[in-house]
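Written out below as structure tokens is the structure these notes cover.
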């Protein structure tokens, strides 16, 4: 007898907390083109259903190094361990603007200014092939940025582990149940 699973049911959730490490490793990046921020923030999922939606979340500490430069973040996906990749959910933009899932400009006080940043978005699964997601960033002025920590190493500053998850959300999934009669 077919049983209908309502749209919105969670099919599976995949977590990546601090890349599985017990040590928070700070990352610095300085690039005016999109580069992968931290390979430890990669996450892999194999959707169970091609018509599912994937809810993807990245949560990390970002330090802009007291610069007026804008940093744009976006998520890329790959099926071949990032020898090739594509932007997830890329949309057209006005003028010369870059598409991004989030952005920051941190010129608050000093090199230890930082913000906890969360990217949260959804994309269709489209198929049941395994794929990985990773965070990429571009800095408009090629300024050094900090991830998971800030510039100064003292007890007044903090280090924060990155957390990534992908949640597969069912869209009208049908399950066949078998009845066994004695």
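Bear in mind that the values in this text are calculations on the coordinates, not laboratory data. Keep in mind the model is a prediction, meaning the values are calculated, not measured. Ideal geometry is used to build each Cβ from the backbone, glycine not excepted, and the neighbour counts take in all protein chains shown.
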Can you work out the FRET efficiency for the pair residue 153 and residue 107, with r the C-beta to C-beta distance and R0 = 30 Å, to the nearest 0.05? 0.85
Nearest-0.05 FRET efficiency for residue 118 and residue 94 at R0 = 25 Å, using Cβ-Cβ distance, is 0.50
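At 0.36 nm per residue, minus the direct Cα-Cα distance, what do residue 80 and residue 22 gain on full extension? Give it in nm, one decimal, please.
Working: separation 58, 0.36 × 58 = 20.88 nm, distance 2.73 nm.
Result: 18.2 nm gained on full extension.
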Rg/Rh for the chain to two decimals, with Rh computed the Kirkwood way over all alpha-carbon pairs. 1.08
Go ahead and run the numbers for FRET between residue 39 and residue 87, Cβ-Cβ distance against an R0 of 22 Å, rounding to 0.05. 0.80
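I need the peptides 84-97, 13-26, 111-124 ranked by packing, meaning the mean over residues of other C-beta atoms within 10 angstrom, with the highest value on top. Mind dumping the intermediate values first?
Working: 84-97: 10.6, 13-26: 13.1, 111-124: 15.2.
Top of the packing list down: 111-124, 13-26, 84-97.
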